[in-house]
Amino acid sequence: MSSTETTLATPAASGHRKSTLLRCLSHPSAIIGGGIVLFFVLVAIFAPMIAPFDPNASNWLAIRQAPSAVHWFGTDDLGRDILSRVIFGARASLLVGIVSVAIAIVIGVPLGLISGYFGGWVDVAISRCTDALLSCPFLVLAIAFAAFLGASLQNAMIAIGISAMPIFVRLTRGQVMTVKTEDYIAAARLLGLSNTKIMAVYVLPNILAPVVVQSTITMATAVLAEASLAFLGLGQRPPAPSWGTMLDVARQFLTQAPWMPIWPGVAIILLVMGFNLLGDGLNDALDPRQD
């Protein structure tokens, strides 16, 4: 890459990254949300060392026991320790959130990039398909895909990822249509650069901020979707722990063991709140009007 191209691609890039990081660290929402998400990530990684019991080990002498010094969150209908299952259940929720959003980005961003940059019949074809998918509610679409693919955690990731993909297509297309009219894009064309290089070097880096923010918010939606699919029997299969599966079992024992739905429900609320707060903080930190 020539010096001219480098100047076009990275004007004051290091200073901008530093100021963005400082804004993130100074924003309460980003700090609180990031702390909550980091907490659950650490819990998921070190689950075997943190969990006091095997999450799948049944104890027929401790069925539906209330919270105690031995079982802090109580036990379920098979005598399994709820705390251990909540800890291991964080793995399924985080895995679905990360993988499904990655699927949505890998498919949606390139399609939106091509649609917004080239326009014409390519834009019309991609936009109409996107509109068709967006016309169906996200969760309904995820349930339909999951039912078609079959009940498993892997299929739930794919179903949620495909359902979230149109959001990234629409977002990327709109950002590209704004960026491609800038002077530095015209300058890059005058240099004789190919469309592929212009999109990769000059367009894509300048649309990443809203994509990052949207991916964080979509992770919160994916966690809720995974819990919903598991609740309906279309996600993580028993006996593997999942917060949605735990809620499904707990609804049968609301009067006999009211503590059973509390803890997985609290975990879902906290993780979703963490992703939303992190997304809100990143949105403010990456807002170009802050520069």
(request) Mind listing just one residue for me: the one in region 179-206 that is outside any helix (DSSP H, G or I) and among the hydrophobic types (A, V, I, L, M, F, W, C) and, of those, surrounded by the most Cβ atoms within 10 Å (Cβ to Cβ)? (result) LEU193
(request) List every residue pair whose Cβ atoms lie under 9 Å apart, where the two residues are 6 or more positions apart in sequence or sit on different chains, the first residue falls within region 36-61 and is closer than 27 Å to LEU278 by Cα and surrounded by 13 or more Cβ atoms within 10 Å (Cβ to Cβ), and the second residue, located anywhere, is charged (D, E, K, R) and at pLDDT 90 or above. (result) VAL43/ARG91; ALA44/ARG91; ILE45/ARG91; ALA47/ARG91; ALA51/ASP81; ALA51/ARG85
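Going by the conditions given, is GLY116 exposed (fewer than 15 other Cβ atoms within 10 Å of the Cβ) and over 28 Å from LEU42 (Cβ atoms)? If you could, list the steps in order and put the result at the bottom.
Numbers: exposed (fewer than 15 other Cβ atoms within 10 Å of the Cβ): no; over 28 Å from LEU42 (Cβ atoms): yes.
It is false that GLY116 is exposed (fewer than 15 other Cβ atoms within 10 Å of the Cβ) and over 28 Å from LEU42 (Cβ atoms).
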(message) Within region 120-144, take every residue that is of a type outside the set (S, T, N, Q), within 30 Å of THR181 (Cβ to Cβ) and in contact (Cβ under 8 Å) with a residue 40 or more places away in the chain and give me the one that is surrounded by the most Cβ atoms within 10 Å (Cβ to Cβ).
(response) ILE126
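For VAL176, are the conditions met, namely being modelled with pLDDT under 90, of a type in the set (Val, Ile, Thr) and part of a helix (DSSP H, G or I)?
Details: modelled with pLDDT under 90: no; of a type in the set (Val, Ile, Thr): yes; part of a helix (DSSP H, G or I): yes.
It is false that VAL176 is modelled with pLDDT under 90, of a type in the set (Val, Ile, Thr) and part of a helix (DSSP H, G or I).
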(request) Name, by its number, the condition in (1) surrounded by 22 or more Cβ atoms within 10 Å (Cβ to Cβ); (2) in contact with an Asp or Glu (Cβ under 8 Å, 6 or more places away or on another chain) that does not hold for PHE253. (result) (1)
(request) Scan (1) surrounded by fewer than 18 Cβ atoms within 10 Å (Cβ to Cβ); (2) touching a Pro at 6+ places or on another chain (Cβ under 9 Å); (3) closer than 20 Å to SER163 by Cα for the single condition LEU78 breaks and write down its number. (result) (3)
(message) Suppose we filter VAL109, VAL99 for residues that are within 19 Å of the chain's Cα centre (by Cα), within 30 Å of MET49 (Cβ to Cβ), in a helix (DSSP H, G or I) and not small (Gly, Ala, Ser); which single one remains?
(response) VAL99
(message) Condition check: crowded, with 23+ Cβ neighbours inside 10 Å and closer than 21 Å to TRP72 by Cα. Does MET246 satisfy that?
(response) yes
(message) Can you pull out every residue in region 212-235 that is over 25 Å from VAL109 (Cα atoms), of a type outside the set (A, V, I, L, M, F, W, C) and touching a Gly at 6+ places or on another chain (Cβ under 7 Å)?
(response) SER228, GLY235
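Working only within region 54-85, note down all residues that are among the aromatic types (Phe, Trp, Tyr) and within 14 Å of ALA250 (Cα to Cα).
PHE73 - this is the single residue of region 54-85 that is among the aromatic types (Phe, Trp, Tyr) and within 14 Å of ALA250 (Cα to Cα).
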(request) Pull up region 145-160, narrow it to residues that are surrounded by fewer than 19 Cβ atoms within 10 Å (Cβ to Cβ) and in contact with a Lys or Arg (Cβ under 9 Å, 6 or more places away or on another chain), then point me to the one that is farthest from ILE105 (Cα to Cα). (result) ALA151
(message) Given the condition closer than 30 Å to ASP54 by Cα, among the polar types (S, T, N, Q) and not in a helix (DSSP H, G or I), answer yes or no: does some residue in region 71-90 qualify?
(response) yes
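Return the residue satisfying two criteria in turn: it lies in region 112-145 and is part of a loop (DSSP other than H, G, I, E, B) and under 28 Å from SER228 (Cβ atoms), and of such residues it is nearest to the chain's Cα centre (by Cα).
Step one: of region 112-145, the residues part of a loop (DSSP other than H, G, I, E, B) are 119, 135-137.
Subsequent filtering for residues that are under 28 Å from SER228 (Cβ atoms) retains 135-137.
Numbers: SER135: 21, CYS136: 20, PRO137: 17 Å.
Among those that are part of a loop (DSSP other than H, G, I, E, B) and under 28 Å from SER228 (Cβ atoms), it is PRO137.
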(request) Working only within region 218-269, note down all residues that are over 15 Å from ALA92 (Cβ atoms), touching a Phe, Trp or Tyr at 6+ places or on another chain (Cβ under 8 Å) and part of a loop (DSSP other than H, G, I, E, B). (result) TRP259, MET260
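The values are calculated or read from the model by the stated rules, or taken from the named source; none is laboratory data. Note that the structure is predicted; figures quoted are calculated from it, not measured. Note that each Cβ is placed from the backbone with ideal geometry, even for glycine, and that neighbours are counted across all protein chains shown.
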